[in-house]
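Heads up: the structure comes next, in structure tokens.
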Amino acid sequence: MDSFFIYRLPEENKFTGGIGNVATGIGYGFIISSFYNREEATLTIVRQEDFSLESLRNINDIKLTDSNSHPIFPFPDQSTIKEDYINDVSEIRSVLRENEKTVYCKTICGEDSIDLYKTLISLDRAFPEAMVYCFHTPQTGTWIGASPEKLLSNKNGLLSTMALAGTRKASEATEWDEKNIGEQRLVTDYISTILEENGLNFSYDPHPSTRKVGKLEHLCTNFHADYHKSFGTERLKRFLYDLSPTPALCGYPKEKSYATIREKERFSRAFYGGFMGPREKDGDFSFYVILRSVSISDTHWCMYAGGGITPFSIPEKEWEETESKAASILEKLIFKR
């Protein structure tokens with residue numbers, strides 16, 4: 001079938017979508033980039049015709065994966081076992097130094113068939129502050145979710161990004177603890193460095209705000225920079241690859257965390273933790289991190305959820321945090337009857 005994308009940006013009241021051919025690399029259209037092997041697994045759906053929310057209703061009757069599909073990454077075949085996760089977190093924590101962090105991820109898998117149309121509407125209603133999205137290509141498979149984390153956007157010469165880290169239930173009316181504050185500080189410092197290295201004169205509030213997303217809260221620092229020059233494809237690509245994955249999805253130092261993730265995780269993250277979003281020929285773009293996401297095949301689905309492991313982490317609490325993150329999306333999935 002044709003590749004398609006459909007999304008609704010935060011605080012907007014309409015969906016935008018398209019059907020088109022897939023090109024390798026960063027072009028103009030809807031860009032999708034993986035957590036790993038970014039050069040080899042960055043794609044652009046070049047829109048040839050519009051794709052509406054109503055069109056998604058009809059997609060439910062079409063096979064999303066067939067014998068001619070060649071996904072880049074294997075589909076996870078089982079959920080992460082709690083005992084394995086807790087043991088791995090303990091091992092990761094034991095080798096982390098002060099001001100280091102590794103984001104460790106787990107999977108929750110099921111065999112139900114998801115109704116894409118009804119699920120997208122469910123996510124849209126539940127998460128007005130997130131980018132709600134669904135996309136499909138033969139190379140990526142089908143993904144659906146609601147991402148609260150902007151990676152990078154440019155609108156009429158105003159460049160913006162955010163440091164989003166730290167997680168707690170929105171019902172917890174307490175001060176943020178040192179573990180979450182430290183996580184957020186790492187991401188803020190990293191993004192500041194990347195912006196400086198790219199020659200941008202930026203501003204941000206040194207005091208993080210609390211951002212509510214569904215039933216969860218995160219610490220957030222918004223960055224802004226005036227940039228009225230044209231972003232060429234090569235410069236934009238380097239900038240995006242410098243930013244992604246941020247310490248909020250990978251860890252810090254990046255290379256050490258990346259190596260730990262490749263060693264410890266028993267599955268491929270595929271496009272979880274990468275980024276996606278539209279790039280227009282007028283220079284505007286809106287890229288969001290692919291998280292709070294579910295990967296879908298004809299007969300199975302897989303939810304990815306990660307948490308930042310630091311020397312302050314308590315393994316049981318880290319498991320509970322990933323359960324809360326996953327539940328915020330899982331409870332909004334609508335299955336076919």
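The values are calculated or read from the model by the stated rules, or taken from the named source; none is laboratory data. Remember, predicted model here, so these are calculated numbers, not experimental data. We place every Cβ from the backbone using ideal geometry, glycine too, and count neighbours over all the protein chains shown. For the accessible areas, the whole protein counts, side chains as well, though only heavy atoms, and no ligand, DNA or RNA atoms are used. Shrake-Rupley method; radii C 1.70, N 1.55, O 1.52, S 1.80 Å.
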### Message
Using a Förster radius of 35 Å, what is the FRET efficiency between LYS155 and PHE335 based on their Cβ-Cβ separation? Nearest 0.05, please.
### Response
0.45
### Task
In nm, give the distance between the simple-model label positions of LYS82 and LYS14, each being 7 Å from the Cα along the Cα-to-Cβ direction.
4.7
### Query
Between TYR241 and ARG57, what length in nm is gained on full extension when 0.36 nm per residue of separation is reduced by their alpha carbon distance?
62.8 nm
### Query
Between GLU178 and GLU40, what length in nm is gained on full extension when 0.36 nm per residue of separation is reduced by their alpha carbon distance?
45.9 nm
### Task
Starting from the Cα of SER209, step 7 Å along the direction of its Cβ; do the same at ALA23; then give the gap between the two resulting points in nm.
3.7
### Summary
So the carbon and sulfur contribution to the accessible area of the chain, 1.4 Å probe, in percent, is 46
### Query
Using r as the Cβ-Cβ distance of GLU197 and ARG97, and R0 as 30 Å, what FRET efficiency do you calculate, to the nearest 0.05?
0.80
### Message
Between THR246, THR193, THR44, where does the largest GNM mean-square fluctuation fall for the chain, given springs only between Cα atoms within less than 10 Å?
### Response
THR193
#### Entry: 18 Å Cα-Cα reach of LYS317 towards lysines, excluding residues that sit fewer than 8 places from it in its own chain
LYS82, LYS101, LYS106, LYS169, LYS179, LYS215, LYS325
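Given only helices, namely DSSP H runs of n ≥ 4 each adding -39500 (n - 2.57), what is the per-residue ellipticity at 222 nm of the chain, to the nearest 500 deg cm²/dmol?
-8500 deg cm²/dmol
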### Query
Among LEU291, LEU96, LEU151, which one moves the most in a GNM of the chain with springs linking Cα atoms closer than 10 Å?
LEU96
### Query
How big is the accessible area of TRP301 in square angstrom, nearest 10, if you roll a 1.4 angstrom probe over the protein chains?
20
### Query
So which aspartates and glutamates pass the test for LYS155, namely a Cα distance under 13 Å, with those fewer than 8 places away in the same chain ruled out?
ASP226, GLU280, ASP282, ASP284
### Message
As a test of the definition: which semi-axes, in Å, follow for the range 97-175 when you take the square root of five times each eigenvalue of its alpha carbon gyration tensor? Largest first, please.
### Response
26, 21, 17
### Task
Roll a 1.4 Å probe over the protein heavy atoms and report the accessible area of HIS228 in Å², nearest 10.
150
